[in-house]
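K.L.:
Got a structure here, written out as structure tokens. Questions coming.
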Amino acid sequence: NFMISRLLILSACVALVCGSQSHGSVFLVGGAEDDNNTEIYGGMITAAGGREAVVAVITAPGEDPCCDPDSSWVLYKQIFSSYAPKDIWWVPIDEDHIANNKNPEVAANLSKSTLFFFSGGDQDRVIDSFFVAPNHTDSPALAAIRARFESTEGTVIAGTSAGTACQTAKVMFMDGESYSALVNGSFPYNSTGEDNLLYNPLGGLGFFPLLIDTHFSERGRQGRLVRLLADTQHQPRGAATGFGVDQNTALASTLDPAVFQVVGAAGVWWFDVSNATIAPATTAAAAWTIRGVRASYATRGDTLGSDGRVRPASWKVPLHGRESRDTPRSSRDIFNSPYAPEAPTPREFTDVATSLLDSRSGTYAWGRTHERSPRYCVRMDRSAALGWSGSVAHGPRYISLQGLLVDIFPDDGQCQV
């Protein structure tokens, strides 16, 4: 039945994040998770000790950290209390209480905690609250969290939305839309400009070794991840590969080895620009172009390697010969533009990509941007791709893929949409 299926998925997740290692695990959510998502919240608690877990709720990213009835602290206290951990406490560190990051009592309590949960909001607030400016030096509070995480099995770093984005050791996303990123490029976080792709070149807290983005399919953030990878891959904290986590979905791992379990309702994208061909913009007519980006998409129950390799869940089967469509979808708003006259259709890029693997004919799938100055085209190539599909207990059908090739270029009339 459905409950047994959920427990099987949760058991697989717990096995991954509770393996034999001398350091902690991560449980990073793409945002907008359901309050009753047992796979995510229950997985965090189980990995952190179950009824012996001590939950430290860090609401520094939020505008309402504590303690009004509608504050983040009250919400997460209610959620985590339903799993009956040993203790739950609020970490009194935020932009209005930065001095507490040097408080010995706070540091001592952090050193006894087993689950550190960072709420959503603005990831820059976490950086301001836990680092000693200006050189990203650990405050005593952050040093206590890091010491616990690096030395103690059963310690979990978890977060959602901004609380996930801030965990990276690579350059950290700050803001920006996919279309603006393709047209204008990326900028350090002290730059300005509407919709510009902004990032922190010094990175985040460093608990997650790879570049990571959130709200991924729902907000059409594939373009901005590809552009940031391309622009920063040769910087000290840049990367050629990165992950994008969908909403109500988590990436869970011990990080040793760098294999990640996909938990929750949707999936996780992986992009690699290391072998892509990049043409810089030279004129308004010759806009920035990238071809040969490798991509994989792992969904519920799969594991995803840092090399983009997907190991499908045991209940999924190869798609080849089992496709449900004649031809793939196309899209006229591939990155879910916030400026489309009608409400944007969520998950356009993901739906087009999965439809390609789920089609009996066609090598390519196409999409274009809603914006026209210039209008960008996306071509997806499945020539070397693999796909899998399956469902749990008559639930929704999940499609995963590996080895998709993606080109993004200004539309010169060849975009078949």
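The values are calculated or read from the model by the stated rules, or taken from the named source; none is laboratory data. Just so it is clear, the model here is predicted, and its values are computed rather than measured. In this analysis, Cβ positions are derived from the backbone assuming ideal geometry, glycine residues included, and neighbour counts consider all displayed protein chains. These accessible areas exclude ligands, DNA and RNA; they are computed on the full protein's heavy atoms, side chains included. Shrake-Rupley method; radii C 1.70, N 1.55, O 1.52, S 1.80 Å.
K.L.:
Once Lys and Arg get +1 and Asp and Glu get -1 on their Cβ, which of S129, C67, G42 lies farthest toward the positive end of the dipole of the range 38-133?
P.N.:
G42
K.L.:
Something else: If amide hydrogens are placed 1.01 Å from N in the peptide plane, which non-local residues have theirs closer than 5 Å to the one on V156?
P.N.:
Sorted by chain and number, the residues that satisfy this are S25, L115, F116.
K.L.:
Another question, then. At 1.4 Å probe size, with no ligands or nucleic acids counted, give the accessible surface of K170 in Å², nearest ten.
P.N.:
Here the accessible area works out near 60 Å².
K.L.:
Here's a follow-up. Can you give the FRET efficiency to the nearest 0.05 for Y364 and D256, using r as the Cβ-Cβ distance and R₀ = 41 Å?
P.N.:
Given R0 = 41 Å and the Cβ-Cβ separation, E is 0.60.
K.L.:
Related question: Looking at the range 317-417, which GluC sites (Glu not before Pro) are in a loop (DSSP not H, G, I, E or B) and have at most 11 other Cβ atoms within 10 Å?
P.N.:
Loop-located and lightly packed - E342.
K.L.:
Also, quick follow-up: Stretch A84-A286 to full length: gain in nm at 0.36 nm per residue minus the Cα-Cα span?
P.N.:
66.9 nm
K.L.:
If each of D68 and D128 carries a label point 7 Å out from its Cα toward its Cβ, how far apart are those two points in nm?
P.N.:
A separation of 1.8 nm, rounded to one decimal place.
K.L.:
Continuing with this model, one more query. May I ask for the angle, rounded to the nearest 10°, between helix 72-81 and the longest principal axis of the chain, with both axes built from Cα atoms and the value confined to 0 to 90°?
P.N.:
80 degrees
K.L.:
For a test of the definition: using alpha carbon positions, the gyration tensor, and the 1.5 limit on a/c, classify the range 204-305 as rounded, prolate or oblate.
P.N.:
prolate
K.L.:
Using the alpha-carbon atoms, what tilt in degrees (0 to 90, nearest 10) does helix 348-357 show relative to the longest principal axis of the chain?
P.N.:
The answer is roughly 60 degrees.
K.L.:
Please give the calculated 222 nm ellipticity per residue for the chain, where each DSSP H segment of at least 4 residues contributes -39500 (n - 2.57) and the sum is spread over every residue; nearest 500 deg cm²/dmol?
P.N.:
Here the helix-only value at 222 nm equals -6500 deg cm²/dmol.
K.L.:
Still on this structure: Output wanted: per-residue J couplings in Hz (rounded whole) for the range 264-273, from phi through Karplus 6.51 cos²θ - 1.76 cosθ + 1.60, θ = phi - 60°, x for Gly and Pro.
P.N.:
Result, ordered by residue: x, 8, 9, x, 9, 8, 10, 10, 9, 10 Hz.
K.L.:
Let me ask something additional. Where nothing but the Cβ of Lys and Arg (+1) and of Asp and Glu (-1) is charged, how large is the charge dipole of the range 86-155 around its Cα centre, in debye to the nearest 20?
P.N.:
Dipole about the Cα centre, nearest 20: 300 debye.
K.L.:
Pull out the extension gain between D34 and R322, defined as 0.36 nm times the separation in residues minus the alpha carbon to alpha carbon distance; nm, one decimal.
P.N.:
Contour length minus Cα-Cα distance gives 100.5 nm.
K.L.:
Give the accessible area for L210 in Å² (nearest 10); use a 1.4 Å probe, count only protein heavy atoms, and leave out ligands, DNA and RNA.
P.N.:
30 Å²
K.L.:
Using the Cα centre as the reference, give the magnitude of the dipole from point charges on the C-beta atoms of the range 23-112 (Lys, Arg: +1; Asp, Glu: -1; all else neutral), rounded to the nearest 20 debye.
P.N.:
560 debye
K.L.:
What is the angle, in °, between the Cα long axis of helix 38-47 and the longest principal axis of the Cα atoms in the chain? Nearest 10 is fine, range 0 to 90.
P.N.:
Relative to the chain, helix 38-47 is tipped by roughly 50 degrees.
K.L.:
Let me ask another. From the square roots a ≥ b ≥ c of the eigenvalues of the alpha-carbon gyration tensor of the range 91-166, which class results: rounded (a/c under 1.5), prolate (a/b over b/c), or oblate?
P.N.:
In terms of gyration-tensor shape, oblate.
K.L.:
Gain in length, D412 to K102, computed as 0.36 nm per residue apart minus the alpha-carbon separation, to one decimal in nm?
P.N.:
105.9 nm
K.L.:
Further question: Indicate, rounded to the nearest 5 percent, the antiparallel portion of the DSSP beta bridges found entirely in the chain.
P.N.:
70 percent
K.L.:
Shifting gears a bit: Return a whole-number percent for the relative contact order of the chain, with Cα pairs under 8 Å and 6 or more residues apart as the contact set.
P.N.:
14 percent
K.L.:
On to the next question. To the nearest 20 debye, what is the magnitude of the charge dipole of the chain about its Cα centre, counting +1 on the Cβ of each Lys and Arg and -1 on the Cβ of each Asp and Glu?
P.N.:
1400 debye
K.L.:
List every residue whose amide H lies under 5 Å from the amide H of I88, counting only residues 5 or more places away in sequence or on a different chain, with H placed 1.01 Å from N in the peptide plane.
P.N.:
V55
K.L.:
Rounded, prolate or oblate: which fits the range 143-244 when a ≥ b ≥ c are the square roots of the eigenvalues of the alpha-carbon gyration tensor, with rounded for a/c under 1.5 and prolate only if a/b beats b/c?
P.N.:
Cα axes put the range 143-244 in the prolate bin.
K.L.:
Next up: Of the options V378, S391, A252, report the single residue whose Cα projects farthest towards the positive end of the charge dipole of the chain (beta-carbon charges: Lys, Arg +1; Asp, Glu -1).
P.N.:
Highest projection toward the positive end goes to S391.
K.L.:
Now for a separate question. Give the residue from S400, L225, A53 lying farthest towards the positive end of the charge dipole for the chain; charges sit on Cβ (+1 for Lys and Arg, -1 for Asp and Glu) and the dipole is referred to the Cα centre.
P.N.:
So the residue furthest toward the plus end is S400.
K.L.:
For the range 196-213, what does the Karplus curve 6.51 cos²θ - 1.76 cosθ + 1.60, with θ = phi - 60°, yield as ³J(HN,Hα) per residue in whole Hz, taken in order and with x for Gly and Pro?
P.N.:
Once θ is set to phi - 60°, the couplings for the range 196-213 become 4, 7, 10, 9, 9, x, 8, x, x, 6, x, 7, 10, x, 10, 6, 9, 10 Hz.
K.L.:
How large is ³J(HN,Hα), in whole Hz, for each residue of the range 306-316 in order, when computed from phi with the Karplus curve 6.51 cos²θ - 1.76 cosθ + 1.60 and θ = phi - 60°, using x for Gly and Pro?
P.N.:
Each residue's phi maps through the Karplus curve to give 5, 9, x, 7, 9, 10, x, 4, 4, 8, 9 Hz.
K.L.:
Just checking my list [x] 140; [y] 418; [z] 202 against volume of the Cα convex hull per residue in Å³ computed from this structure; which label fits?
P.N.:
[x]
K.L.:
Once both labels are modelled 7 Å past Cα along the beta-carbon direction, what's the S373-E194 spacing in nm?
P.N.:
1.0 nm
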